[in-house]
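What follows is one structure encoded as structure tokens, with my remarks underneath.
The values are calculated or read from the model by the stated rules, or taken from the named source; none is laboratory data. Predicted, not measured: the structure shown is a model, and the values here were computed from it. Here the Cβ is made from the backbone with ideal geometry for all residues, glycine too, and neighbour counts use every protein chain on show.
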Amino acid sequence: MDQIGLNYIDFTIIVLYLVGIIWYGIRKGKRESSEDYFLAGRNMIWPIVGISLFAANIGSNTLIGLASDAYQTNVAVYNYEWMAAVVLVFFAIFFLPFYLKSKVYTMPEFIERRFDSRSRYLFSAVTIIGNVIIDTASGLYAGNLILKIVFPGVPSWVIISLLALAAAAYTIPGGLSSVVHTEVIQAMLLLLGSMVLTYFCFKEVGGWNGMIDSLNAMRDAGDMSKTPEEILSLVKPADDPQLPWTGLLLGVPLLGFYFWANNQFMVQRVLSAKDLNHGRWGALFAGLLKLPVLFFMVLPGVVAIVLFSDLDVSFLNYQVEINGTQTTCTSLNDCPNMTYPVLIYKLLPTGLLGLVIAGLLAAMSSSISATLNSASTLITMDFVSKINRNITNRGLVRSGQIATMVLVVLAAVWSPMVETVASSLWEYLQLVLGYISPPIVAVFMVGLFYKRANGNGAFYSLILGYLLSISFILLKINNIAPEITNIHFLLQVPSLFIICVLLNILISHLGAPPAPEKVAQMTWNRNIFRQETRELAGLPWYQNYRILAIILLLITALIVVWFW
């Protein structure tokens with residue numbers, strides 16, 4: 001295949017989707033008040049909360065990132081996905097009740113109530129920057145990867161700009177209600193497209209046994225050194241360069257805690273739940289939806305090893321930097337980010353190709369709209385409302401819309417930097433997250449479980465933690481102290497977390513304890529557990545979130561043991 005193109009049927013499907021989803025998003029928008037615009041009126045039921053969480057997480061950046069990392073590191077990348085189910089159980093038990101009872105709009109607002117305004121503004125600023133450079137920019141970058149193949153003559157900045165405008169078209173006028181309702185449609189389309197691709201992958205390779213036989217044949221021929229058992233194993237040796245078991249045990253959960261329990265653009269969906277039960281059920285439902293990702297989004301990347309490891313992909317016209325020189329990519333080993341695009345363009349027939357690309361665009365727009373809305377919420381509620389305390393609800397909504405416009409422009413400008421920071425999209429996502437998350441997770445953990453922690457401990461541990469993160473980055477860029485900077489980043493994450501926890505505790509003890517009334521309703525204790533036990537006693541098992549959480553953990557354990 002020397003050239004790639006889309007049939008008019010594919011184009012029709014994609015265009016109809018884009019027009020339809022923008023129309024639907026605007027129609028479902030709520031903007032009468034700030035609570036309507038930023039939290040969808042706090043009236044979402046659990047299926048929508050769960051699907052919205054899943055859709056916001058599985059954007060096109062994650063979809064492409066999972067396939068590319070599966071091609072490079074095999075199914076080990078799935079460890080990030082099943083760990084999400086474990087983290088969401090912890091989130092539903094400990095964090096969520098405090099978030100919903102406090103009636104906050106943002107996570108930084110919650111930090112202010114537990115500590116003080118200094119930590120709120122610092123955390124808010126870091127989160128806004130993270131939303132732009134991690135989530136929104138990587139989503140636009142992923143969308144560009146897909147469409148650049150079809151339109152090689154169109155500059156990347158044009159494609160990125162059009163994608164950004166499409167995602168912002170319904171986010172700006174409709175707010176979170178538009179975002180959440182469109183995410184439900186997008187998640188369904190995304191799952192359907194992923195299942196279709198998985199079917200064609202295994203059809204092409206001859207099913208599961210065909211994949212195993214092909215991997216064995218490649219090993220026997222000397223084309224690779226790993227056995228199928230090693231390729232399909234989740235738990236890797238401690239010296240594994242991609243995901244050592246020590247990093248899985250110590251680093252991956254901390255990244256998950258930040259992403260699912262402290263990150264505004266994810267937690268904002270749960271804040272929109274109509275009550276605590278719907279919030280908890282929705283969070284657990286999202287954890288359940290993460291489990292099939294192994295089969296629909298990770299294994300196709302493994303199949304690509306069999307089908308396309310020797311494919312000349314120069315027809316993609318995709319440029320990569322090799323030894324400091326921009327070179328046309330000739331194999332997936334040089335440009336693993338193209339694994340998913342190659343799979344869909346090589347395997348899917350007309351019509352289904354358009355459907356899957358529409359699913360990718362759906363994933364991209366849902367993730368981008370999620371981050372845009374959450375970042376605009378932070379700017380409006382954490383900064384604008386404090387600067388202008390007399391601003392009306394209408395003014396808050398207008399501020400949020402303007403902030404969204406500014407953020408989408410910044411993300412589009414930053415998007416081309418993704419490929420210069422890391423070798424793959426997934427590596428970019430995890431590396432940046434690894435330096436941002438530890439100080440924040442430490443503040444939330446200490447604040448929730450340690451009553452003696454005070455405002456000074458939180459603020460200065462954040463400051464010192466981010467100074468350490470910046471120092472790590474500078475040392476790594478300049479190749480200084482490689483014995484430290486070359487430690488796997490998943491082991492750097494827990495080290496930085498422990499340092500921040502100790503700093504928080506130490507600095508807190510150097511000052512006065514917080515007022516008892518300030519922490520009474522903001523820290524966990526056993527009485528909360530006992531009271532909750534009494535409340536759950538009269539519920540049937542399918543409404544008791546503890547039983548549902550145990551079922552979710554058991555299913556997760558079965559999958560992990562199967563692919564151990």
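Tell me which residues, restricted to region 130-165, are touching a Leu at 6+ places or on another chain (Cβ under 6 Å) and at pLDDT below 75. Of everything in region 130-165, those that are touching a Leu at 6+ places or on another chain (Cβ under 6 Å) and at pLDDT below 75 turn out to be Ile146, Ile149, Val150. Whenever a residue of region 390-402 is in contact (Cβ under 8 Å) with a residue 40 or more places away in the chain, its partners that are part of a loop (DSSP other than H, G, I, E, B), lying with C-beta atoms within less than 7 angstrom and at least six residues away or across chains, give the pairs Asn393/Ser33; Val397/Arg31. Within the bounds of region 452-460, is there any residue that is part of a helix (DSSP H, G or I), modelled with pLDDT of 95 or more, within 27 Å of the chain's Cα centre (by Cα) and among the hydroxyl-bearing types (Ser, Thr, Tyr)? No, that holds for no residue. Scan region 29-41 and give yes if some residue there is out of contact with any helix residue (DSSP H, G or I) (no Cβ under 6 Å at 6 or more places or on another chain), charged (D, E, K, R), surrounded by 19 or more Cβ atoms within 10 Å (Cβ to Cβ) and modelled with pLDDT of 85 or more, otherwise no. Within region 29-41, not a single residue is out of contact with any helix residue (DSSP H, G or I) (no Cβ under 6 Å at 6 or more places or on another chain), charged (D, E, K, R), surrounded by 19 or more Cβ atoms within 10 Å (Cβ to Cβ) and modelled with pLDDT of 85 or more. Whenever a residue of region 205-228 is in a loop (DSSP other than H, G, I, E, B), it has no partner that is modelled with pLDDT of 90 or more and of a type in the set (Val, Ile, Thr) lying with C-beta atoms less than 6 angstrom away and at least six residues away or across chains.
A search for C-beta distances below 8 Å between a residue of region 531-550 that is in contact (Cβ under 8 Å) with a residue 60 or more places away in the chain and any residue that is among the basic types (Lys, Arg) and surrounded by 14 or more Cβ atoms within 10 Å (Cβ to Cβ), counting only pairs 6+ apart in sequence or on different chains, returns Tyr545/Arg280. Within the bounds of region 510-520, is there any residue that is surrounded by 11 or more Cβ atoms within 10 Å (Cβ to Cβ), in a helix (DSSP H, G or I) and among the small types (Gly, Ala, Ser)? No, because not a single residue in region 510-520 is surrounded by 11 or more Cβ atoms within 10 Å (Cβ to Cβ), in a helix (DSSP H, G or I) and among the small types (Gly, Ala, Ser). Residues in region 187-243 that are among the polar types (S, T, N, Q) and either surrounded by 19 or more Cβ atoms within 10 Å (Cβ to Cβ) or under 30 Å from Leu355 (Cα atoms) (or both): Ser194, Thr198, Asn209, Ser214. A search for C-beta distances below 6 Å between a residue of region 112-124 that is crowded, with 20+ Cβ neighbours inside 10 Å and any residue that is in a helix (DSSP H, G or I) and of a type in the set (Asp, Glu), counting only pairs 6+ apart in sequence or on different chains, returns Arg120/Glu112; Ser124/Asp382. For Gly447, indicate whether it is out of contact with any Cys (no Cβ under 8 Å at 6 or more places or on another chain), more than 27 Å from Tyr80 (Cα to Cα), in a helix (DSSP H, G or I) and at pLDDT 90 or above. Taking the combined requirement at face value, the residue does not satisfy it. Listed conditions (1) of a type outside the set (D, E, K, R); (2) closer than 30 Å to Asn525 by Cα; (3) surrounded by fewer than 24 Cβ atoms within 10 Å (Cβ to Cβ) are all met by Gln72, apart from (2). Screening Met417 against (1) modelled with pLDDT of 75 or more; (2) out of contact with any Ser or Thr (no Cβ under 8 Å at 6 or more places or on another chain); (3) in a helix (DSSP H, G or I) leaves a single unmet condition, (1). Within region 232-253, the set of residues being outside any helix (DSSP H, G or I) and among the aromatic types (Phe, Trp, Tyr) is empty.
Here Leu255 qualifies as modelled with pLDDT of 90 or more and within 30 Å of Glu109 (Cβ to Cβ). Checked against (1) in contact (Cβ under 8 Å) with a residue 60 or more places away in the chain; (2) under 30 Å from Ser309 (Cα atoms), Val342 passes all but a single condition, namely (1).
Answer with yes or no whether Val397 is β-branched (Val, Ile, Thr), at pLDDT 80 or above, assigned to a helix (DSSP H, G or I) and out of contact with any Cys (no Cβ under 7 Å at 6 or more places or on another chain). Answer is no for this residue.
Within region 254-273, is even one residue part of a loop (DSSP other than H, G, I, E, B), surrounded by fewer than 15 Cβ atoms within 10 Å (Cβ to Cβ), of a type outside the set (Gly, Ala, Ser) and in contact (Cβ under 8 Å) with a residue 24 or more places away in the chain? Scanning region 254-273 turns up no residue that is part of a loop (DSSP other than H, G, I, E, B), surrounded by fewer than 15 Cβ atoms within 10 Å (Cβ to Cβ), of a type outside the set (Gly, Ala, Ser) and in contact (Cβ under 8 Å) with a residue 24 or more places away in the chain. For region 456-468: of the residues being surrounded by fewer than 21 Cβ atoms within 10 Å (Cβ to Cβ) and in contact with a helix residue (DSSP H, G or I) (Cβ under 9 Å, 6 or more places away or on another chain), which is nearest to His509 (Cα to Cα)? Going through the qualifying residues, I end up with Asn456. The single residue among Trp564, Trp541 that is exposed (fewer than 12 other Cβ atoms within 10 Å of the Cβ) and farther than 20 Å from Val89 by Cβ turns out to be Trp564.
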